[in-house]
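This report refers to the structure that appears directly beneath it.
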Amino acid sequence: MRLDKWLWCARFYKTRALAVEEIGRGRVQVNGQDAKPARELRVGDAVALRQGPVARTVVVRGLSGARGPAPVAQRLYEETAESIAARARAAEQRRLAPEPALSLHEGRPTKRDRREIERTRRDWGDRWTASVD
């Protein structure tokens, strides 16, 4: 069975075109080697893939020619214990990571920032005036 079709049947990607695109970008390996979409997949092969930020390693347990319901699709593969542990660690790191918006210091000032800017302008205005004395 073709790799791209199996990834679609196992519901890793929504369309075969997305599966082909991810394979072409080198985000899918079979048995540790980069693969092409038409690569023949066999039961027992190890498939490493990325779905956005999530990396998975699965072992092929079955082949299906048609895309079926999710419970049937989940029987086509078995995720390795290392992959499950790595996904859990990555999810915990994402959960504990600081909010990205808090690191933004540029852009439009808030009302509080504007008042602070005005206060500093008043304080520094007397010191830096140029006079012709």
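Taking each residue of segment 69-80 that is more than 12 Å from Trp6 (Cα to Cα) and touching a residue at least 40 places away in the same chain (Cβ under 8 Å) and looking for partners that are open to solvent by less than 50 Å² (accessible area, probe 1.4 Å) and part of a strand (DSSP E or B) with beta-carbon atoms closer than 9 Å, six or more apart or interchain, yields nothing. Within segment 5-55, being within 17 Å of the chain's Cα centre (by Cα), of a type in the set (Val, Ile, Thr) and open to solvent by 50 Å² or more (accessible area, probe 1.4 Å) holds for no residue.
Filter segment 81-102 for residues that are in contact (Cβ under 8 Å) with a residue 12 or more places away in the chain and not charged (D, E, K, R); which is farthest from Met1 (Cα to Cα)? Top of the filtered list is Ala90.
Listed by first and then second residue, the pairs linking a residue in segment 35-48 that is in contact (Cβ under 8 Å) with a residue 60 or more places away in the chain and farther than 7 Å from Val60 by Cα to a residue that is part of a strand (DSSP E or B) and among the charged types (D, E, K, R), with Cβ atoms under 8 Å apart and 6 or more places separating them unless they lie on different chains, form an empty list. Each residue in segment 60-81 was checked for being open to solvent by 30 Å² or more (accessible area, probe 1.4 Å), of a type in the set (A, V, I, L, M) and under 24 Å from the mean Cα position of the chain (by Cα), and 2 of them qualify.
No other residue among Arg95, Arg50, Arg67 is at pLDDT below 95 and either in contact with a Cys (Cβ under 7 Å, 6 or more places away or on another chain) or in a loop (DSSP other than H, G, I, E, B) (or both) apart from Arg67.
The values are calculated or read from the model by the stated rules, or taken from the named source; none is laboratory data. From a predicted model like this one, the values you see are computed outputs, not experimental measurements. Glycine also receives a Cβ, built like all others from the backbone with ideal geometry; neighbour counts cover every protein chain displayed. Each accessible area value is taken on the protein alone, full model and side chains, heavy atoms only, with ligands, DNA and RNA left out. Shrake-Rupley method; radii C 1.70, N 1.55, O 1.52, S 1.80 Å.
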